[in-house]
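Data block below; observations after.
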Amino acid sequence: MARKHSKHGSWQDTDDEAEAPPPPPCWLCGRPTGSTIVWHHPVPKSRGGRETVPMHAICQNTLITTFTNSELQRAGMDASVLLANPAIAKFVNWVANKDPDFNAAITKKPR
């Protein structure tokens, strides 16, 4: 399962004197991540994936409902392959103007 918090440091670690680094951009949509960062495996762990990338929860949910694990494995770490899908391109255009912490229900993939 993807982590929803940073791998480094405790959630209680706050340093008021030091300026916080800018949030990392989402791997799929490129927008800055908000207060909740989901660490997603572009290649599913069940398919041998080890690397993680920062994503919004809504972006991760869209990927999971749109693609199978086999399709995600074939795309690998290349987000442009996923963005070529019309459903993902439409989603990224729609979410581009939303707040970084925006989240909504995702419709299920018809089977």
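The values are calculated or read from the model by the stated rules, or taken from the named source; none is laboratory data. Only a predicted model underlies this, so the values are computations on that prediction, with no experimental measurement involved. Quick reminder, even Gly has a Cβ in these numbers, built from the backbone with ideal geometry, and neighbours come from all protein chains shown.
Only residues that are at pLDDT 90 or above, over 24 Å from Ser46 (Cβ atoms) and either touching a Pro at 6+ places or on another chain (Cβ under 6 Å) or surrounded by fewer than 13 Cβ atoms within 10 Å (Cβ to Cβ) (or both) were counted across segment 56-111, and they come to 7.
Residues in segment 54-86 that are more than 16 Å from Pro25 (Cα to Cα) and touching a residue at least 24 places away in the same chain (Cβ under 8 Å): Asn61, Thr62, Leu63, Thr65, Thr66, Asn69, Leu72, Gln73, Ala75, Gly76, Leu82.
Only residues that are aliphatic (A, V, I, L, M) and either farther than 12 Å from Leu28 by Cα or in a loop (DSSP other than H, G, I, E, B) (or both): list them for segment 87-110, please. Across segment 87-110, the qualifying residues are Ala87, Ala96, Ala104, Ala105, Ile106.
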